[in-house]
Amino acid sequence: MATRTERLDVRVTAQHKKLIERAALAMGQPVTSFVLASVLDRAREALQSESRTVLSDRDRTAFLAILDSAARPTRALARAVARSRKHNADDSV
């Protein structure tokens, strides 16, 4: 387990504090553990939501059709791939 060396201070209203204390007690956890677990869960959800793209049925169908098509890459894309491969080859030397 990582050592807790950082501190996070939060000011709340008396009403919020009582609510949090009641919830922690109901969950059988100390307030600090309850708050930390709740905040970490919400942070993970926020980051996961931020990194996910949800498509409508129409957009999903169009996206899958593009993936399934045998379209050839444009010249600009082919040049970009060639530059990337050369750059990566140079880095591995």
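Here, each number is a calculation from the coordinates, and none is a lab measurement. The shown structure was predicted, so the numbers you read here are calculated from the model rather than taken from an experiment. Glycine also receives a Cβ, built like all others from the backbone with ideal geometry; neighbour counts cover every protein chain displayed.
Taken over the C-alpha atoms, the stretch 1-62 has Rg and Dmax values of 17.7, 52 angstrom.
Peptides 66-74, 3-11, 54-62 ranked from most to least packed, by the mean per-residue count of other Cβ atoms within 10 Å: 54-62, 66-74, 3-11.
What does the extension gain come out to for T32 and D68, with contour length at 0.36 nm per residue minus their alpha carbon separation?
Between T32 and D68, full extension yields an extra 7.9 nm.
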